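Enquirer: Just passing along the structure, written as structure tokens.
The values are calculated or read from the model by the stated rules, or taken from the named source; none is laboratory data. Just so you know, these numbers come straight off a predicted model, no measurement behind them. Cβ: placed from backbone, ideal geometry, glycine included. Neighbour counts: every protein chain shown.
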Amino acid sequence: MPVSKTKNLATVIRSLSRFYSIRSEIKAEGSGAGASAAAAKNKKKKKKKPSSSSTTENTALKQYLSAANSSLYDVVHESVKLGSIPGDDESGKQLSSEVSASLHDKLDLDWDDESEDVQPSGKVLNLPWLSRMSNNDISLQRKNVSRERKQKWVYKNTQTSRFDRLVKMCAVKLGTDVTLEVFGRLGRETGLKEYNALIGHCIQQARDANDEDVSLEKIYKGYQLFKTMKELGFKIEEATYGQFLMYLIDFGMVQELFFFRDLIKDENPDSLPRLAYYEMRLWIGVNNEAKIRELIRSVMDDNAEDKYSFRENLLLALCESDRKEDILMLLEAFDITKLTSVECKVSIFKSLGKISLESIVVDFMRTLKSSDIGPENISKFICEYAISIPNLEVEDIIDKFKSLHAKLDVLPTSAQYERLIGYSCELHKVHQALNMVDEMFEAGLTLSLDAFHSILEACEQSCDYNLVHQIKTMIYRHDLKPNKETCRLMIILFVRMKDFQGAYEVMNDLEKMNLTPTVNMYNVIMAGYLREKNTCSGRHVLKQMEEADVKPDSATFSYLISTSNSEDDIIKFQNEMGKSGVQPTKFVFMALINAYAACGQFEKAKQVLLDERIPVKSLNEIKSTLVSALASHGQLSDAFEMYEGIKEAGSNLQPKAIGCLVEHLKSKGELDRLLQLLEELNDSPYLVGTCFKVISYCVQHEHLRSIVDLLKQLKNSFDNAELATEALFDEVFSLIAEKEATDMQFGLSLLKAIKTELGVCPSRKSLDFLLAACVNAKDTKTSFLIWNEYEKAGLPYNILSYLRSVTDLSQDVGCTIFGSESHSEYEKFLRKYPSSGMLNRQWVFSTVDPSWGWD
């Protein structure tokens, strides 16, 4: 956030407050004295008596709790709650109809952001609360997309997240005020969950906004919701105020945070310790060392019991910032047995791991072990501590885990073994994970199927497909009962190894396990065959599914359609899909486009877009697939015509399609258009790869200025990550070596521009590529200049770079090197770089033709 935004926040909020006050007064004209009396009664009812704990606080805590700044104080007096007048002139049904029309006028409804297959039309709201979608086949539609949803949401409770997405959708399309009104009109009581979701939406919008005024308006809107909750008598919990405070902390708004803090502490005195946590986070964020030490001293004056909750929260804040000295200062007066929760203890041990304080860790754990906390929690603390130690390889973390258990005489638990196994799988250290599985079985511990699933997934990601044999043996040997997901993951690994026999063996074992094959298992095998261009075997899987009474789904037909070699096959599989009652998804439409394009039926590929069953939210992605298909098959003019149409419609081409256009446009030599396409990628994951394609084109045609500009853009996007930047420039210089140019002037100019304009010192690898380019160009003069770059960069030459230069000297027969001065030039070179020894001297002379008269 710009500095001006933080400075002007209070002013803007006061201005907005006046505007909303006037509007609210106009709305309230007809409410009468009865509403005022009710409001006064409600306010009186809400007033709370201060707790006894707050009245007995000492001076230090009172000083901490006093208001430090109040730049937004006037807001309390100037702002009036945004309200809505419950009218009797409009029924819930009419409002439902209007909201439905409003939603569909703006955007297609997205009930589930993760779902790819939602009907493109239908009313949003019909009966009280939420609608039933009008399409008769909605039940069938949901069954057809269950595969995608299960893969994304399995083992996860999604009730809260789905509700949050619903509230967010309403807030985006209707606004927060109208959303609250809709809830009230349709008989839905607005509770804490609704308010918290709307406040979170406002704060996220404020974070994402690039415009200062928009950001300030959104945060003020969130404040109005917060104030409304307070006036309605809701207890202000951390789930509500934490969102505000973290926003203010992230942007260093000191005065504004204290304004909200005072509102919260007056309403909920029990929140005082948590408010201390947020204040410490604020002072850490703005680097106010004096305030940090003042807070620490305020809770270290004595050992009063009421101080421990404050100490705990201050310690948590310090732990999250890894402030070693401050943590040690606070630990001097700290009794870890008095911490209120296991999660808090875990956070502290994680922090102690980050700052490498093992002696304190061991003392704390021994203290906890003598208490009634239980060995399973001690094992958990050890595991989290070991994982948090920086710069440790997985093997060393496992050793630390074992040694601390031995030192404290505690046995590792299954849960912590599985935690380490999961951590190893995240880093693709599958062999270490399997070693821990063996240790668990030897110790008589049990392992959950979820842990095996993590290992199987890590095997796929790390390409250790062959480990599936070992995992399968483990499962069968220890009489574990795999489920369908376990079998599916094993089938994937067998197929990746092209071991289809092994995959079918798993399928055959399903009956012994009292399991039935699923469509996903068959789809994996089918996709494997088709990926290997074994169309016959791939299509035979469809027959096997029929024999096993397994109904194909949309993924099955998308695989078959995408690999069709003729229009007849495309029509055939479309008809079979219709007979099976499978509704087409976006993947089916994409497969149709690619299949028609591969058959040269470009007009029919375009006609796929006319299908009314295409979900509105997937239309742009399907159009992007058409652009890619047309470009890949030489129809660049049509592809760009489609691209322009997408732009005119106010949409953006998918990043993958942009990369495809760039790849096939390089041969046309239109640099301006390439750069224009590149600008649309912004922060897309495809930016680096696509940008390098353009750089490759520029190197080939020696567009120096464009190369430097693109390299500067990528360097900034890497955020000065040295390894990534070095790898980028190494790849650029490798293009120069592959170019096999006869003139090295362009390479030298690029080297100079990178050093002067980008401030990048070339790596050894980059200079090696330039030296190899000199050999290819037989440019001895430039090779000596590159040798000087090694010296300037402080890079000692190695045997390979030396041999490249010697090769350059020995091959430059047509110029001056092997003339009358050749021997003296070579001797001069050896004197300058003598450490190569006689071996290189003998090697270079062995490459010289004997007819040149050298002994």
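Enquirer: If the Cβ limit is 6 Å and pairs must be 6+ apart or interchain, which residue in the range 433-446 that is farther than 13 Å from Gln470 by Cβ pairs with which residue that is at pLDDT below 90 and surrounded by 16 or more Cβ atoms within 10 Å (Cβ to Cβ)?
Expert: Met440/Leu447
Enquirer: Tell me which residues, restricted to the range 349-397, are aliphatic (A, V, I, L, M), part of a helix (DSSP H, G or I) and within 21 Å of His431 (Cβ to Cβ).
Expert: Across the range 349-397, the qualifying residues are Ala386, Ile387, Val394, Ile397.
Enquirer: Where residues in the range 726-782 are free of Cβ contacts under 8 Å to residues at least 12 places away in the same chain and closer than 20 Å to Gly794 by Cα, which of them is nearest to the chain's Cα centre (by Cα)?
Expert: Restricting to residues being free of Cβ contacts under 8 Å to residues at least 12 places away in the same chain and closer than 20 Å to Gly794 by Cα, the top hit is Ala727.
Enquirer: Is there a residue being within 33 Å of the chain's Cα centre (by Cα) and under 28 Å from Pro269 (Cβ atoms) anywhere in the range 348-359?
Expert: Yes: the range 348-359 contains one or more residues that are within 33 Å of the chain's Cα centre (by Cα) and under 28 Å from Pro269 (Cβ atoms).
Enquirer: Tell me the residue from Ser651, Ser628, Ser684 that is out of contact with any Gly (no Cβ under 8 Å at 6 or more places or on another chain) and buried (at least 18 other Cβ atoms within 10 Å of the Cβ), please.
Expert: Working: Ser651 fails: buried (at least 18 other Cβ atoms within 10 Å of the Cβ); Ser684 fails: buried (at least 18 other Cβ atoms within 10 Å of the Cβ).
Result of the check over Ser651, Ser628, Ser684: Ser628.
Enquirer: Would you pick out the residues in the range 575-613 that are among the hydrophobic types (A, V, I, L, M, F, W, C) and farther than 21 Å from Ala555 by Cβ?
Expert: Cys599, Phe602, Leu609, Leu610
Enquirer: Could you count how many residues in the range 274-291 are more than 16 Å from Ile327 (Cβ to Cβ), buried (at least 19 other Cβ atoms within 10 Å of the Cβ) and not hydrophobic (A, V, I, L, M, F, W, C)? Before the answer, list the steps.
Expert: Taking the range 274-291 and keeping what is more than 16 Å from Ile327 (Cβ to Cβ), we get 274-275, 278-279, 282, 285-288, 290-291.
Keeping just the survivors that are buried (at least 19 other Cβ atoms within 10 Å of the Cβ) gives 274-275, 278-279, 282.
Now drop any that are not not hydrophobic (A, V, I, L, M, F, W, C), which leaves 274, 278-279.
Matching residues across the range 274-291 total 3.
Enquirer: Checking Gly581 against (1) assigned to a loop (DSSP other than H, G, I, E, B); (2) closer than 28 Å to Thr486 by Cα, which single condition isn't satisfied?
Expert: So Gly581 meets the others, but not (2).
Enquirer: Which of the residues belonging to the range 602-630 are of a type in the set (D, E, K, R), touching a residue at least 60 places away in the same chain (Cβ under 8 Å) and either under 21 Å from Pro655 (Cα atoms) or touching a Leu at 6+ places or on another chain (Cβ under 9 Å) (or both)?
Expert: Initial filter on the range 602-630 (of a type in the set (D, E, K, R)): 603-604, 606, 611-613, 617, 621, 623.
Next cut, touching a residue at least 60 places away in the same chain (Cβ under 8 Å) only: 612-613, 617.
If the condition is that a residue be of a type in the set (D, E, K, R), touching a residue at least 60 places away in the same chain (Cβ under 8 Å) and either under 21 Å from Pro655 (Cα atoms) or touching a Leu at 6+ places or on another chain (Cβ under 9 Å) (or both), then Lys617 is the only one that fits.
Enquirer: Hey, could you check the range 516-561 for residues that are out of contact with any helix residue (DSSP H, G or I) (no Cβ under 6 Å at 6 or more places or on another chain) and among the hydrophobic types (A, V, I, L, M, F, W, C) and say which is farthest from Ile571 (Cα to Cα)?
Expert: Per the stated criteria, the residue is Ala548.
Enquirer: Another question, if that's okay. Every residue in the range 409-455 that is under 15 Å from Arg477 (Cα atoms) and among the aliphatic types (A, V, I, L, M), please.
Expert: Leu434, Val437, Met440, Leu445, Leu447, Leu449
Enquirer: Looking at the range 666-681 only, could you name the residues that are surrounded by fewer than 14 Cβ atoms within 10 Å (Cβ to Cβ) and over 19 Å from Lys647 (Cβ atoms)?
Expert: Ser667, Lys668, Gly669
Enquirer: With Glu267, Glu320, Glu289, Glu294 as the choices, which residue is among the acidic types (Asp, Glu) and closer than 21 Å to Ile348 by Cβ?
Expert: Working: Glu267 fails: closer than 21 Å to Ile348 by Cβ; Glu289 fails: closer than 21 Å to Ile348 by Cβ; Glu294 fails: closer than 21 Å to Ile348 by Cβ.
The conditions single out Glu320.
Enquirer: Being assigned to a loop (DSSP other than H, G, I, E, B), under 26 Å from Gly353 (Cβ atoms), in contact (Cβ under 8 Å) with a residue 24 or more places away in the chain and not aromatic (Phe, Trp, Tyr): is that true of Leu480 here?
Expert: no
Enquirer: From Tyr220, Tyr241, which residue is at pLDDT 85 or above, in contact with a helix residue (DSSP H, G or I) (Cβ under 9 Å, 6 or more places away or on another chain), crowded, with 20+ Cβ neighbours inside 10 Å and outside any loop (DSSP other than H, G, I, E, B)?
Expert: It is Tyr241.
Enquirer: Considering only the range 544-568, state which residues are assigned to a helix (DSSP H, G or I), touching a residue at least 12 places away in the same chain (Cβ under 8 Å), more than 14 Å from Lys586 (Cβ to Cβ) and not hydrophobic (A, V, I, L, M, F, W, C).
Expert: Gln544, Thr556, Tyr559, Glu567
Enquirer: Cβ-Cβ under 7 Å, sequence separation 6+ or interchain: first residue in the range 640-652 and without any contact (Cβ under 8 Å) to a residue 60 or more places away in the chain, partner charged (D, E, K, R). Which pairs?
Expert: Met642/Lys623; Ile646/Lys623; Asn652/Glu680
Enquirer: Something else about it: Are any residues in the range 668-710 under 22 Å from the mean Cα position of the chain (by Cα), of a type in the set (Gly, Ala, Ser) and not in a helix (DSSP H, G or I), and if so, which ones?
Expert: Ser684, the sole residue that qualifies.
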